[in-house]
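The values are calculated or read from the model by the stated rules, or taken from the named source; none is laboratory data. Just so it is clear, the structure is predicted and the values come from calculations on it, not from any experiment. With ligands, DNA and RNA removed, areas are computed over all heavy atoms of the protein, side chains included. Shrake-Rupley method; radii C 1.70, N 1.55, O 1.52, S 1.80 Å.
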Amino acid sequence: MSYLKETASREIQQIASSATREIQQAQAKVDTAQQDVNRLNDLIRQRRAAIEAERARAQEKLRKAEREVDSARNSVNSLQNQIDRREDEIKRLRNKKRCTRIFGRRICVPDVAAVAEATKLAAEVAGLYPALGTAKAGLKTAEEFLKAAGKTIDLNPIELDPELAGLYTALGTATATLQTAQEVLRTTVKVVGTLATVNTFILNQGLGSLLDVRSARFQTTLDVATGGTVLIDLNLVFMNQSQSMTFQFNFKSPLESAKALGRMLLVQ
């Protein structure tokens, strides 16, 4: 019975080891596919962050340009208002008269003090015009900068970024590959998962503990068996579980018969 035990055990080990390798290979494909998905997700997060940072900088540049235009426009308006007020006052002062009656007639002459004040204001206005010209030039420059800053603003959805769109396409492909690999793994585990547990048993407890043939009883004698084939009733322990079974043993092909016993045990 030791030959039967050892040969059947080796056959079981070979089949169980093969099943384990199938699961490991399927799992390796899942792991590789998952790594690709993770890598692409990381690249997408990095690219999105880069785009968002770039857009934030562009927005801040635009806001700064808007503030500079507002400031320049306020300067222009302030200087223009100062000039307008002074020129209005100059007109009023130049039209101011001092009147008196001489020999019954009303005589009016320009107010000397008003004329002097108007001359003073005119000098101030003359000094404000160069400042107004500088302010207008500054406003024009600020408006041109604002126009240029506005052109850098991208209002399209982030997902339309060419690089990001390519990454999303690659992610879709990688995700489909991962799902296929996961389905293959599930199917493999379903088909050969039980065999893999046999391999785990062997690794943990040793091949010698896998199978123990306690007794064997021939249902006929070898001299009357047809072609050397005989039915044997076995009492055995397989993976620490006692069981009884009947199998056909061919004395002309003991190796194949013992292997067949191993295969039978795996499908019990």
So the pair-distance distribution of the chain, from every Cα-Cα distance in 10 Å bins, comes to percents of 6, 14, 11, 9, 8, 8, 7, 6, 6, 5, 5, 4, 4, 3, 2, 1, 0, 0
Mean accessible area per residue over the stretch 58-107 (1.4 angstrom probe, all protein chains present, square angstrom) is 79 Å²
Across 10 Å bins beginning at 0, the whole-percent shares of Cα-Cα pair distances in the stretch 34-117 come to 14, 16, 14, 12, 11, 9, 8, 7, 5, 3, 1, 0
A 1.4 Å probe over the protein heavy atoms gives the chain a carbon and sulfur accessible-area percentage of 53 percent
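Once whole DSSP H runs in the chain are found, which of them have Cα atoms spread over 24 Å or more along the helix axis and a mean Kyte-Doolittle score of at least -1.0?
112-151, 162-205
Can you tell me the alpha carbon radius of gyration of the stretch 79-238 divided by the globular rule-of-thumb value 2.2 N^0.38 Å?
3.60
With a 1.4 Å probe and every protein chain left in place, work out the accessible area per residue of the stretch 126-268 in Å², rounded to a whole number.
60 Å²
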